[in-house]
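Step one of this worksheet: look at the structure below.
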Amino acid sequence: MVIRLRLFYFLLFATFCQLVFAQPNTEKGLNLPKFYNQRIHFGFSIGFNQTDFRIHTVPNSKMPHDVHDTILYPQDTLTLKSVQSKADPGFNLGIICDLRIHKYVRLRFLPSISFASRSLLYNFTGTKTFTKVKKSESSFIFLPLNVKLQSKRLQNFSAYVVGGGAFSIDLASGKKDAANDAVVRLQSTDWYYEGGAGVDFYLPYFKLALEMKVITGMKNILIKDNTFFTTPINKLNSHIFLVSITFEG
C-alpha cells in the first residue's frame, strides 16, 4: 500500500509539472508578474491524506478473558503482544485565505473538511495467536493557521516552507458504536503542530502549488473508559501526512 501511494504521489507531481511547462507564457515569459502586489488572495485546495496514530502502550498489558467479548477463546488468558496503527487513504477539501505580511512572508488560514480512516491492530498470543482490528473513521473540520516563507521567484517557479498550528473537530466522534463496550472511543477535538514544503507554479490565469505537510496531534485523544481495548493503551496521538494541490487567483 505504501509503495503504491508513493507511486501515485510521484505520478501526480509529474503530471502537474507537465501541465505547468505546457502553459503559454505572457509578458516576456513571466506569468502573473503582479500576483503578490495584492495584499489578500483566495483560493481552494484538494488534498490526499494518510492518517494514523502514535501509540503509547501500558507495559506488559494482559487481556484476561471477558465472557461478553466473543472474539476470545473460552478458558484462555490472552497476552497482548503489541498494538499497531494502520493508515488508510483519505482526502481533504478546503479554501485558502492568504495575507501578505512581507514580500516573502504570508499568513495563511486554511479551513477544510477532511475524511480519514485509521485502525488499531491488536496482536494477541495465548492458546492461539491472532489479530483484532478496531477501525476508526473520522470527518474533521480542520482549522490551520500557517506562516509561509517563500523563496525569490525564478521565472514562473518558486519554492516555500510552511509551519504553524491547527485545531480540529471530529464530526463523527459521537457515532462510533456507542452500544459496543469494546469500541475505542476518541476525543472529538484536537490541537496540532504542522510543517512542510511546496512549490508554486505561476500560470497565465492562476497560481498552482503542490505541497506536502506532516501534521502531529498534541492532545491525547483516547477516552480512557476502562473498556476491553482501551485498557492497554496509555495515550494516542494523531499523525497525518498530507499532499495538497492548491489553486489561487
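At a glance:
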read-out: Region 127-151: number of residues that are within 30 Å of Asp98 (Cα to Cα) and part of a strand (DSSP E or B); value: 13
read-out: In region 92-106, the residues that are assigned to a strand (DSSP E or B) and surrounded by 15 or more Cβ atoms within 10 Å (Cβ to Cβ); value: Asn92, Gly94, Ile96, Asp98, Arg100, Arg106
read-out: Meets criteria (within 22 Å of Ser82 (Cβ to Cβ), modelled with pLDDT of 95 or more and of a type outside the set (Lys, Arg)) for Asn226; value: no
read-out: Breaking point among (1) buried (at least 19 other Cβ atoms within 10 Å of the Cβ); (2) more than 30 Å from Val133 (Cβ to Cβ); (3) at pLDDT below 95, for Gly249; value: (1)
read-out: Positions within region 212-226 being in a strand (DSSP E or B) and more than 15 Å from the chain's Cα centre (by Cα), in sequence order; value: Leu222
read-out: Filtered residues of region 97-122 (kept if within 21 Å of Arg185 (Cβ to Cβ) and not small (Gly, Ala, Ser)); value: Phe115, Arg118, Leu120, Leu121, Tyr122
read-out: Residue ID - surrounded by the fewest Cβ atoms within 10 Å (Cβ to Cβ), chosen from residues in region 117-147 that are of a type outside the set (Val, Ile, Thr) and farther than 22 Å from Phe91 by Cα; value: Lys128
read-out: Set Gln155, Gln75: member being at pLDDT 90 or above, out of contact with any strand residue (DSSP E or B) (no Cβ under 7 Å at 6 or more places or on another chain) and not acidic (Asp, Glu); value: Gln155
read-out: Residues of region 102-124 classified as touching a Leu at 6+ places or on another chain (Cβ under 7 Å) and more than 24 Å from Ser238 (Cα to Cα), total; value: 4
read-out: Residue check, Asn31 surrounded by 13 or more Cβ atoms within 10 Å (Cβ to Cβ), within 30 Å of Ser85 (Cβ to Cβ) and either at pLDDT 50 or above or under 29 Å from the mean Cα position of the chain (by Cα) (or both); value: no
read-out: Contacts under 9 angstrom Cβ, first residue in region 83-101 being within 22 Å of Ile233 (Cβ to Cβ), partner small (Gly, Ala, Ser) and not in a strand (DSSP E or B), 6 or more apart; value: Val83/Ser61
read-out: Members of region 227-239 that are within 19 Å of the chain's Cα centre (by Cα) and either outside any strand (DSSP E or B) or surrounded by fewer than 16 Cβ atoms within 10 Å (Cβ to Cβ) (or both); value: Lys235
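The values are calculated or read from the model by the stated rules, or taken from the named source; none is laboratory data. None of these values were measured; they are calculated from a predicted model. FYI the Cβ positions are ideal-geometry reconstructions off the backbone, even for glycines, and counts take in every protein chain you see.
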